[in-house]
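Following: one structure in structure tokens, then a few remarks.
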Amino acid sequence: MKSITTLEVLSIPSGLDPRKLVDTMLGSQFMLCHDLPDSRTFIITESDDAMPRLSACMPGLKLRRAEPAMRLFSNATYMTGVINAGKIREGESPPILRDIYDIFSGSSAGLLISFSPITPKAVKEIRRRVEEAASKKTLRLTKSFGNKAGASNSSDSVQMELFYGSDEQQVLLSLIQMLTEISLSNGTCYKVSFIAYGDSASAVVNYVKSRVLVLEERRLKEDMLEGIYEFSKRAEAMPLPYSSASRLIEFSPRIARETLVGSRYHCADGSVEIGDYLAGSVASTNEKVSLDPRVFNLGTVISGVPGTGKTNVAMNMVDQIRKGSNSKIVVISPTSEWNQLGVGLGAKVIRLYSSEVRFNLFKCDSRINIERFYENLSMLLASASNAGPYKNSMEKSLLYAFQKAYSSTRAPDPIDVYEEIENAVAEQHGKRVGASVRYTKHGENIMAGLENLRLMLFKEQFAYQDGIDFARLIDEGAVFDLSEVSNNMKPFFYALILNQVYSIADSFDEMGNESLRLAICLEEAQLVFGEDDQSAATMDLKQRIQDFRKKGIGLFLITHNITEISIGIRRLCQIKLYFRQSSDTARYACSDLLFTGEEEDTIRDKLKSLDQGVCALSYITIEDSARIPRKSIFVKASQYLPASQKAWGSKPNSSPNACATVTITDSDLKPKAHVKVAVFYIGEMVYQGETDDNGLVEVKSTLPNRPYKMHVFGAKKKDTRIFGIIGGKSNAIRF
């Protein structure tokens with residue numbers, strides 16, 4: 001057993017974000033000790049470098065080695081439970097134990113809160129057990145009657161157990177919601193337990209119960225701190241997501257609060273540091289170049305050949321924006337580079353294709369105008385489909401299909417959506433012949449362009465109607481990692497995710513000119529917005545960039561070559577960071593910038609030979625609420641340096657696909673042996689075979705609870721019939 005260290009907290013920075021403490025200690029166990037008799041707060045850990053690590057990551061936090069006044073932890077009671085974070089609205093994160101020192105001032109009691117890391121494997125097992133418990137809860141009805149109607153000894157009784165709407169259901173739903181949030185954070189969580197001790201321990205126990213849903217409570221015989229520390233490490237406890245765990249951080253009001261000015265992340269005026277000004281593009285002046293966060297509402301383009309530092313400087317700016325103004329952030333990235341920053345900022349990191357969290361990317365939030373939602377969706381999907389001259393025809397077919405799919409629900413089943421699309425294309429660009437469709441040239445090209453959309457629905461993560469709340473996800477910040485998605489599929493995911501983000505942005509009012517509410521960062525933005533200045537997606541973005549200023553939304557477009565982004569979009573974006581350019585794009589980059597007094601050829605040559613991390617900056621300043629363009633300059637960009645190496649957990653494995661069994665009988669329920677069958681899922685045959693001697697056929701690798709179509713072939717072609725079956729279930733067919 002390692003020796004533990006007890007550190008008394010002497011001062012904390014004013015406005016301390018509790019997530020920083022959890023973030024800094026991520027990966028190691030620690031305890032927060034509230035010594036209530038003396039109103040002191042302690043951090044207890046076995047990490048050898050805890051004191052210098054905490055002090056370095058949180059300037060203003062001062063610690064010293066000390067012991068609590070009550071060294072024997074007698075009458076200790078152990079508790080573990082959950083916090084329902086779903087009821088916390090945007091902008092609210094009240095500490096759970098805010099008034100503990102006021103209520104127990106001078107009492108002979110204390111409270112230990114243990115934060116112990118838990119592996120993703122253990123979280124997955126807990127999730128399985130919770131979901132299994134929820135699935136076993138049903139509505140049961142039992143009736144008991146007498147032998148004869150009207151007899152004197154007859155009796156009627158009804159026993160009914162209602163699970164839905166009960167307190168038990170609410171608990172299980174809270175647990176599932178909490179475990180889903182953990183999955184969105186890629187397993188970043190703690191198992192948290194509470195230990196009340198001292199003569200007044202029972203009062204502290206009641207206090208904890210009034211604020212936390214306690215699932216387990218037991219008395220401890222251990223009265224030494226080391227033993228309690230080890231017990232908390234081994235004991236089973238419900239995991240709490242990163243955001244919920246941080247709400248349990250509280251400090252004694254007697255601890256000094258220090259005001260800090262000029263921290264690394266934001267200056268006293270809240271400006272975002274870009275880097276050091278370079279005189280003549282080469283000579284460092286150590287003069288910092290910073291921008292007001294409000295200017296990012298005007299749109300930002302970051303461009304440069306690979307390896308020049310585009311992503312790093314974008315991460316540095318987003319890091320400062322989030323920490324300086326607590327703005328919402330959404331990042332869509334084709335790589336995993338942003339994951340560590342996302343976890344460090346308390347955002348959700350979602351690995352597409354490697355997450356157990358379900359997404360219905362066709363779901364429209366209740367706050368959104370549904371017609372505008374599916375109009376934008378049809379435009380973006382058509383733009384991302386690479387349909388060439390058939391893009392307009394595809395957009396019309398999609399719009400026609402979406403009008404039907406969204407006529408009765410805001411969250412249509414993705415399979416129903418795709419079937420409506422097929423029907424729309426067949427109706428407008430084809431002719432039905434029996435069970436098949438003969439498409440025109442337009443129809444064939446539209447269906448080919450939508451092939452990636454169909455393949456996406458084969459993934460369990462995107463095939464279901466129920467899915468997470470996108471609005472809440474964006475409220476908390478999100479990083480979408482598309483590193484495991486093929487290059488052909490990435491434009492579709494960009495379009496689907498961006499449509500959700502656009503919809504949330506549309507719900508913002510137009511009073512955001514003086515603030516930055518949301519930062520949207522798109523790596524490889526050309527996947528959605530190409531160089532075609534007349535495409536529907538580009539025309540739409542031009543209007544949005546103008547509207548974003550009034551709504552307080554900043555758009556960051558990152559691309560290798562500026563020519564991959566329409567010149568009309570580049571003209572509207574007024575913040576530009578151009579790193580080293582290729583020979584054929586340097587002249588276009590030069591014309592986008594605002595240099596005076598130098599030959600254009602000289603600037604163009606400089607853009608072709610800039611060092612790594614050096615960029616030409618075209619920017620705006622704000623003076624007395626007026627936005628003033630400034631002469632472009634060269635800057636040595638500040639680099640994003642994470643405070644510490646953060647672990648966001650191993651990638652969860654997708655749940656295995658289930659086997660569907662089908663029994664085929666005749667009208668007399670006699671099994672029909674050796675009948676040929678074929679199974680189709682959204683138009684593609686996934687199984688072909690025949691029944692065994694018992695009329696049974698097993699279809700492996702089906703998505704649980706998803707609809708499939710089984711073709712049962714008769715002796716003649718006209719005798720073939722089509723039946724619906726459900727994946728992962730036992731199905732019976734009479735043929």
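Run down the aspartates and glutamates and flag those whose C-alpha is under 12 Å from the C-alpha of K191, throwing out any fewer than 8 positions away in its chain. Candidates past the 8-residue exclusion: E236. One Cα centroid belongs to the stretch 342-367, the other to the stretch 475-503; the line between them spans 9 Å.
Take the Cα of T440, step 7 Å toward its Cβ, do the same at A133, and the gap between the two points is 5.9 nm.
Taken along its principal axes, the alpha carbon cloud of the stretch 658-734 reaches lengths of 30, 23, 17 Å, longest axis first.
What is the chain's relative contact order, in percent, from Cα pairs under 8 angstrom and six or more apart in sequence? Present the calculation step by step, with values, prior to reporting the outcome.
On the way: 1479 pairs, mean separation 103.6, N = 735.
Taking the mean separation of contacting Cα pairs over the length of the chain, I get 14 percent.
Straight Cα distances below 30 angstrom link K676 to the lysines K431, K459, K700, K709, K716, K717, K718, K729, with same-chain residues fewer than 8 positions distant left out.
Please work out the Cα convex hull volume for the stretch 358-467 and give it in Å³ per residue.
Numbers: hull volume 10.6 nm³, N = 110.
That works out to 96 Å³ per residue.
Nearest 0.05, what FRET efficiency do S486 and S284 give at R0 = 41 Å with Cβ-Cβ as r? Before the final figure, lay out the partial values.
Working: r = 43 Å, r/R0 = 1.04.
Plugging the Cβ-Cβ distance into 1/(1 + (r/R0)^6) gives 0.45.
Cross-link partners of K288 among lysines, defined as those whose alpha carbon lies under 22 angstrom from its own and excluding same-chain residues fewer than eight positions apart: K310, K323, K576, K606, K631, K636. For the stretch 376-421, applying the loop criterion from DSSP together with a ceiling of 14 other beta carbons within 10 Å to the chymotrypsin sites (Phe, Trp or Tyr not before Pro) yields no site. Note: relative contact order over the stretch 358-467, using C-alpha pairs below 8 Å and six or more positions apart, is 36 percent.
What number, in percent, do you get for the relative contact order of the stretch 658-734 if the mean sequence gap of Cα pairs under 8 Å and at least 6 apart is divided by its residue count?
Numbers: 185 pairs, mean separation 30.4, N = 77.
Averaging sequence separation for qualifying contacts and normalising by length gives 40 percent for the stretch 658-734.
Taking only complete DSSP H runs, can you tell me which helices of the chain stretch 24 Å or more along their own long axis by Cα positions and average at least -0.5 on the Kyte-Doolittle scale? Long hydrophobic helices here: 167-184. If R0 is taken as 56 Å, the Cβ-Cβ distance between L16 and E600 corresponds to a FRET efficiency of 0.65.
For F634, the amide hydrogen comes within under 5 Å of the amide hydrogens of L278, S281, L617, counting only partners 5 or more places away or on other chains and with H modelled in the peptide plane. Computed per residue of the chain from DSSP H runs no shorter than four, each worth -39500 (n - 2.57), the mean residue ellipticity at 222 nm is -9000 deg cm²/dmol.
What you get for the stretch 658-734, charging only the Cβ of Lys and Arg (+1) and of Asp and Glu (-1), is a dipole of about 300 debye around the Cα centre. Treating r as the C-beta distance of A715 and K670 and R0 as 25 Å, the FRET efficiency rounds to 0.90. Among the trypsin sites (Lys or Arg not before Pro) within the stretch 601-641, those in coil by DSSP and having at most 14 neighbouring Cβ atoms inside 10 Å are R630, K631. For the chain, taking Cα atoms only, Rg and Dmax work out to 30.4, 111 Å respectively.
Just how large is the dipole of the chain about the Cα centre, in debye to the nearest 20, putting +1 at every Lys and Arg Cβ and -1 at every Asp and Glu Cβ? Don't skip to the answer; put the middle values down first.
Working: 90 positive and 88 negative charges, 272 e Å.
Here the size comes out at about 1300 debye.
Compactness check for the stretch 291-363: Cα Rg over 2.2 N^0.38 Å is 1.25.
Around the amide H of T665, modelled in the peptide plane, lie the amide H atoms of K672, I733, R734, F735, all under 5 Å away and 5 or more residues distant in sequence or on another chain.
Would you calculate the separation in nanometres between label points at A66 and I622, each defined as 7 Å from the Cα along the Cα-to-beta-carbon direction? Distance between the two pseudo-spin positions: 4.2 nm.
Rule-based calculations on the coordinates, nothing more; no lab input. All values reported here derive from a predicted model rather than from experimental measurement. Note: ideal-geometry Cβ built from the backbone for every residue, glycine included; neighbour counts use all protein chains shown.
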